[in-house]
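First up is the structure itself, then whatever we jot down about it.
The values are calculated or read from the model by the stated rules, or taken from the named source; none is laboratory data. Values in this document were obtained by computation on a predicted structure and should not be read as measured data. With ideal geometry, Cβ positions are generated from the backbone for all residues, glycine too; neighbour counts draw on all protein chains shown. Each accessible area value is taken on the protein alone, full model and side chains, heavy atoms only, with ligands, DNA and RNA left out. Shrake-Rupley method; radii C 1.70, N 1.55, O 1.52, S 1.80 Å.
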Amino acid sequence: MKKQFVAGLFAAAMLTPATALAQDSNETETFIGVSAGYHDLGVGSDEADGVELDDGSPIFGVVAGVDFPVGDSMFAGFEGNFHFGTDAVDYEYGALARFGIADSSGTKYYLRGGYQEIELDVEEILNIELDDGELDGVDTSEGDLIVGAGVDIPLAGGKLRFNVDTVSFDTIRGTTGFVFSF
């Protein structure tokens, strides 16, 4: 059920920019770009029952979304993301709502929240090699509430962005990226 909900939110976030393009571009800002960062899953200890844990992963991916003006300097919007991981995270995706303010330079400061699904790489977390099929029937995904804050800074025809998020208040995820608006 959670995956269908997230898929619906993600689809809505991706379709909204197409709808927004039909409106006056001064009213909305649609964006798409790349993102990279580090996701610490917050397992707590680097060792459990004599097994060394590796619960963090660099992540690389894409983001897309749309912001709508709400008054003179405030905005509200939606954003979707998809990232591949290289260690503890195989991949993750989610949909978030954003609410914030923009200053006179075009820099946006915002809070965001939504849902994030994370597919874990158990072999990387436990630093072991498993036989094919050994995890059949085991759910290696986790999804929950994601909340965070960020800033988008105008730079060279796009925006440099920085975000810090937590999933279920157990993990810490820091990302930076570059988005193009249209």
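Okay, residues lined up against (1) free of Cβ contacts under 8 Å to residues at least 40 places away in the same chain; (2) among the aromatic types (Phe, Trp, Tyr); (3) under 16 Å from Glu79 (Cβ atoms):
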{"site": "Tyr93", "(1), (2), (3)": "no, yes, yes"}
{"site": "Lys108", "(1), (2), (3)": "no, no, yes"}
{"site": "Leu111", "(1), (2), (3)": "yes, no, yes"}
{"site": "Glu124", "(1), (2), (3)": "no, no, no"}
{"site": "Glu142", "(1), (2), (3)": "yes, no, no"}
{"site": "Val147", "(1), (2), (3)": "yes, no, yes"}
{"site": "Ile153", "(1), (2), (3)": "no, no, no"}
{"site": "Gly157", "(1), (2), (3)": "yes, no, no"}
{"site": "Thr175", "(1), (2), (3)": "no, no, yes"}
Taking into account only those residues within segment 76-108 that are out of contact with any Pro (no Cβ under 8 Å at 6 or more places or on another chain) and assigned to a loop (DSSP other than H, G, I, E, B), which is farthest from Asp121 (Cα to Cα)? Ser104
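A quick yes/no check of all residues on (1) part of a strand (DSSP E or B); (2) open to solvent by 20 Å² or more (accessible area, probe 1.4 Å); (3) basic (Lys, Arg):
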residue: Gly113; (1), (2), (3): yes, yes, no
residue: Asp131; (1), (2), (3): no, yes, no
residue: Gly143; (1), (2), (3): yes, no, no
residue: Ile146; (1), (2), (3): yes, no, no
residue: Lys159; (1), (2), (3): yes, yes, yes
residue: Asp165; (1), (2), (3): yes, no, no
residue: Asp170; (1), (2), (3): no, yes, no
residue: Thr176; (1), (2), (3): yes, yes, no
With the checklist (1) over 26 Å from Phe182 (Cα atoms); (2) touching a Leu at 6+ places or on another chain (Cβ under 9 Å); (3) surrounded by fewer than 16 Cβ atoms within 10 Å (Cβ to Cβ); (4) in contact (Cβ under 8 Å) with a residue 24 or more places away in the chain in hand, flag the one item Ile118 doesn't pass. (3)
State all residues of segment 65-94 that are open to solvent by 10 Å² or more (accessible area, probe 1.4 Å) and within 19 Å of Ser35 (Cβ to Cβ); if no residue qualifies, say none. Phe78, Phe82, Phe84, Gly85, Thr86, Asp87, Asp90, Tyr91, Tyr93
